[in-house]
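The next block holds one structure in the form of structure tokens; read it before the comments.
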Amino acid sequence: MSFTGEIKRELSAFAPRKACCELAALATLYALLSEEKRNEIHLKTENITVARRIIILSRKLLGLELQTDIRSNRSKTRKQISVIVSGKEEIALLKEGLKMVSDKADIFQSRIDPSFSVEECCKRTVLQTAFLTCGFVNSPKKSYHLEISTHKKHVFSDVLAVVEELGIQMKTIKRQNKYVMYLKNNELICDFLGIIGIKRGLFQYHEIKLEKELKNDINRHMNCESANENKRLDAALTQIKALKKLKESKKLETLSPALLEAMELRLQNPTLSLAELSEQSPTPISKSGLNHRLNKLMEIAKTL
């Protein structure tokens, strides 16, 4: 199961308990999913929890008995559930009960009326329902991304207003024919999941995020060590080449015993670091002292 599926499965257990929250949930479901077709209202979803919630709340709050139609989607990999409101009286009850009617004409209109999201609990319910219906969150193993999208511009604005009232600042974009609100910051995604009541999924998110960060830190450390090792070996090879040239020249006779000792030490130990070389020296010398002698030899070699 995808990470989004795990979050939605946990969210599915959060059935609204207060009457005001039940209305907020139902209004959000109809606003996001409803389409008017031939004097019927159709709500399509692949989520059986969403379909069940529409049916139960419609019966409880509006007294509507809805029809259902289950078919395979285009790829025939999943079942698409259509929940249908039919009949003039039923649609009139729906318009009145959820305030889904245009101010200019008595026509069905997909909106979340502000009166359904006055209380803090109702705002959270709207956001829970919106995410359950059309939300997505990437596993932090891949990238940090959470979004809610819909092709309905006015409903998008209604949900975004509730999001902002809850203190969440989401970025927005239009992607093809959809309006999208999204987060790409892992801390903000954690805040969002906390606000909609996710606990188990939030713990899992933190665990995956920490594991990813630890692996990244280890990789950075290893890459840094590897880069330093390559630099050290390149420097050593450069020294070896210059010292061999110096050893074959007449200037060898002009070198002090200390410089000759440093030269032989490096030539005999081409892969050792300066610290390791200083430990191998027959006469005690510090790392910086040995480095000074090798640099002096390099300067002499440059004159050849």
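The values are calculated or read from the model by the stated rules, or taken from the named source; none is laboratory data. Just so it is clear, the model here is predicted, and its values are computed rather than measured. So basically every Cβ, Gly included, is an ideal-geometry build from the backbone, and we count neighbours across all protein chains shown.
Worth pointing out:
- Check on Leu304, in contact with a Ser or Thr (Cβ under 7 Å, 6 or more places away or on another chain) and touching a residue at least 40 places away in the same chain (Cβ under 8 Å): yes
- For the residues Arg293, Arg266, the requirement of being part of a helix (DSSP H, G or I), surrounded by 13 or more Cβ atoms within 10 Å (Cβ to Cβ) and at pLDDT 85 or above singles out Arg293.
- Segment 178-210, residues that are in contact with a Ser or Thr (Cβ under 7 Å, 6 or more places away or on another chain) and either exposed (fewer than 15 other Cβ atoms within 10 Å of the Cβ) or at pLDDT 90 or above (or both): Lys178, Tyr179, Val180, Met181
- Pairs are defined by a Cβ separation below 9 Å, a sequence spacing of at least 6 or placement on different chains, a first member in segment 214-241 that is free of Cβ contacts under 8 Å to residues at least 24 places away in the same chain and of a type outside the set (Ser, Thr, Tyr), and a second member that is part of a helix (DSSP H, G or I) and surrounded by 10 or more Cβ atoms within 10 Å (Cβ to Cβ); the pairs so defined are Lys241/Ala301.
- Residues within segment 144-161 that are without any contact (Cβ under 8 Å) to a residue 24 or more places away in the chain and not hydrophobic (A, V, I, L, M, F, W, C), tallied: 1
- Hits in segment 107-147 - residues which are surrounded by fewer than 17 Cβ atoms within 10 Å (Cβ to Cβ) and among the polar types (S, T, N, Q): Ser115, Asn138, Ser143
- Where Glu35 falls short, out of the listed (1) surrounded by 23 or more Cβ atoms within 10 Å (Cβ to Cβ); (2) touching a His at 6+ places or on another chain (Cβ under 7 Å): (1)
- Looking only at segment 112-136, and only at residues there that are assigned to a helix (DSSP H, G or I) and small (Gly, Ala, Ser), the one that is nearest to the chain's Cα centre (by Cα): Ala130
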